[in-house]
Amino acid sequence: MAAPIPCEAPLIKTSGVRMGPRFAFAPDIRVKSLAVSQFPGTRSVVRPLTTGCKSPAGPFACSRIGWWRRYLAMVKPHPRIILASLSLVSLLATPVLRASATIEERLAALEQKLAALSAENAALREAAKPAKDAPAPVQAGGKESKLLLGGFLHLHAESGSAPDSRFSGINDRFLVRRARVNVRGSFGKDFGFKVESDFGANTLGASTGYRAQLTDLYVEWLAHPEAQIRLGQFKTPFGWEQLMSDTANPFAERSLPNDRLTVSRQIGVMLFGSAAEKRVEYSAGIFNGNGVNNSNNDTDDFLAAARLAATAWSGKFHDKAASWSVGVNAFSDDAPARRTGVGFDTQLQLHPVTLRAEWLANTLDPVTGADVDSDGWSLAALWSLNDQWQLAARYETYDANTATGSNENDTLTLGLNWFIRRNDIAVSLNYLAGDASFGGGDDRFIGRLQLVF
C-alpha cells in the first residue's frame with residue numbers, strides 16, 4: 001500500500017479522481033480531499049482544501065502533478081510488464097518504419113523513371129522532323145476494297161543514225177517514249193481490274209502529236225490461283241521479253257525480233273494460273289487478232305495463243321537467290337491469212353550474273369503466193385556491280401525472210417544502268433551498233449530516265 005500524502009486534509013480512499021476534463025486513475029492511493037477550481041478558458045488547477053500543506057516538498061507536492069510524480073516514484077512496474085510494453089511498441093512501430101522505407105524507395109524509382117522519360121522525349125524531339133502536309137486522299141466512288149493509282153515515265157534523249165529499221169529516218173531528238181497512268185484495284189471478294197493509258201509517243205517512229213491511247217483495260221476473276229480468268233485488252237501470252245514489264249527492262253528498247261515476231265496486246269479472254277508453289281505457270285487465250293485498240297474482228301475466226309513456263313531449278317548461289325527457268329509458247333491466227341508462231345526462252349540467274357536467251361519464229365501463209373518464214377533470237381547478259389550499278393549487253397539477230405537471206409539485221413547493245421532508287425528512279429545509257437543490210441552499219445546512243453510513281 002502506498003504511503004499517504006502528508007497533507008492536513010482528511011484522507012480518503014478512491015479509485016479515480018476527476019480533474020477537470022480528464023480522468024486520472026490511481027487505485028488504492030490515499031489522497032487528501034482536493035478542491036478543483038475550473039476557470040473558464042484555463043486549464044484545471046488542483047490545490048489542497050486547506051491553505052497549509054505540510055509536505056516537505058512544499059505545496060506543489062499536493063497538486064495533481066506532484067502526486068503523479070510521487071506515485072510513479074513509489075510504484076515500480078514488474079519487469080515483464082516493461083518488456084511486454086517495449087515489444088508491443090516495437091511491433092507497432094515496425095510496419096510504420098517499413099512503410100516509410102517502401103515509400104522512399106518508390107519515390108526514388110519514380111524519379112529515375114521520370115528522368116529517363118524526360119531524356120527520351122528530348123531525344124525524340126531532337127530527331128523528329130516537321131511533318132509535311134498530307135496529300136489529298138483518293139477515294140473510290142464505288143465499293144472497291146482496294147484502289148491504287150500509279151504510272152511511270154520514260155524520257156529519252158537520242159543521237160545517231162539507225163541501227164535497225166525501227167529508227168529509219170529518225171534524227172537526233174528528245175522523246176517522251178512512254179507516259180502512262182493506271183488505276184488498279186479489287187472489288188467483291190475475288191475480282192480485280194486495271195485501266196492504263198499512255199500519253200506519250202508509245203512508238204519509236206516519228207509522231208506529230210501525242211494523244212491518249214489505251215494500253216490495258218481488263219477485269220480478272222482471281223478466286224483460285226490454279227485457274228484465273230482475264231477479260232479485256234492486255235498482252236497476249238507469246239514472247240517472254242514482250243511479257244516483261246516496261247519498267248523492269250534493263251535495256252532502253254526491246255529487241256527487234258520481239259517487236260516483229262510477237263502479237264502484242266489484243267482484245268480477248270485468257271485463262272491463266274500456277275501450280276506446284278508457282279514453279280509452273282500457264283496461260284491460254286483467244287483474241288480478235290486485229291491488234292491493240294481495235295474492237296473489229298474481220299472474220300469469225302480468232303487468234304489463239306498459249307504459254308507454258310517452269311522453274312527448273314531454284315536455290316542459293318553466293319548466298320543470293322538463284323534459279324533457272326524455261327518457257328515455250330505458240331500462237332495461231334487464221335484470218336485473213338494464216339499466221340503461226342512458236343518460241344522458246346530460258347533465263348539463268350546466278351548472282352551477280354543473269355543470262356537470258358529467246359528464239360522466236362513466224363510463218364505467214366497468205367491467201368495467194370508463197371509462204372514467208374521469219375525468225376530471230378537474242379542473247380542478253382547482265383552483271384550487277386552492286387545494288388545501284390549494272391552492266392548490260394545484248395546481241396540479237398532478225399531475219400524477215402529466211403528464204404531470201406537478204407533481210408538479216410544484227411544489232412549489239414551495250415548498256416549501263418544506274419538505279420538511284422531501285423526501279424522507281426533509274427537512268428540508262430545504251431549504245432546500239434547495227435549491221436543492217438538495208439543501210440550498212442549504223443549506231444545510236446539512247447539515254448533514258450525512268451520515273452515510277
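By counting other Cβ atoms within 10 Å of each Cβ, how are Ile103, Ile420 ranked from fewest to most?
By the 10 Å Cβ count, ascending, the order reads Ile103, Ile420.
Compute the distance from the alpha-carbon center of segment 166-228 to that of segment 234-266, in whole Å.
13
Each residue of segment 293-304 in order: what ³J(HN,Hα) in whole Hz does its phi give by Karplus 6.51 cos²θ - 1.76 cosθ + 1.60, θ = phi - 60°, with x for Gly and Pro?
After applying 6.51 cos²θ - 1.76 cosθ + 1.60, I find 6, 9, 7, 7, 10, 6, 9, 7, 8, 10, 8, 10 Hz.
Residue by residue through segment 356-362, which ³J(HN,Hα) values in whole Hz follow from phi under the Karplus form 6.51 cos²θ - 1.76 cosθ + 1.60 (θ = phi - 60°), with glycine and proline marked x?
9, 9, 8, 10, 10, 8, 10
Tell me whether segment 148-452 comes out rounded, prolate or oblate; compute the Cα gyration tensor, take square roots of the eigenvalues as a ≥ b ≥ c, and use a/c under 1.5 as the rounded threshold.
Rounded is the answer for segment 148-452, as its axis ratio a/c remains below 1.5.
Most exposed first by the Cβ proxy, i.e. fewest other Cβ within 10 Å, how do His154, His351, His318 rank? If you can, show how the numbers build up before the last one.
Details: His154 24, His351 13, His318 8.
Exposure proxy ranking, most exposed first: His318, His351, His154.
Beyond 27 Å, how much of the Cα-Cα pair distribution for segment 308-443 remains, as a whole percent?
Values: 3611 of 9180 pairs.
Across segment 308-443, Cα pairs with separations above 27 Å total 39 percent.
Say the cut-off is 20 Å between C-alpha atoms; which of Lys194/Lys235; Lys194/Lys278; Lys146/Lys194 go over it?
Details: Lys194/Lys235 13 Å; Lys194/Lys278 22 Å; Lys146/Lys194 12 Å.
Where the Cα-Cα span goes over 20 Å, the pairs concerned are Lys194/Lys278.
Starting with the fewest neighbours, write out Met244, Met270 ranked by other beta-carbon atoms found within 10 Å of each beta-carbon.
Values: Met244 15, Met270 24.
The fewest-first ordering by Cβ neighbours comes to Met244, Met270.
Quick note: the coordinates plus some simple rules give every number you see, no bench work behind them. Predicted model only: the values in this text are computed from it and were never measured. When we count neighbours, we look across all protein chains shown, and the Cβ atoms used for this are built from the backbone with ideal geometry, even at glycine.
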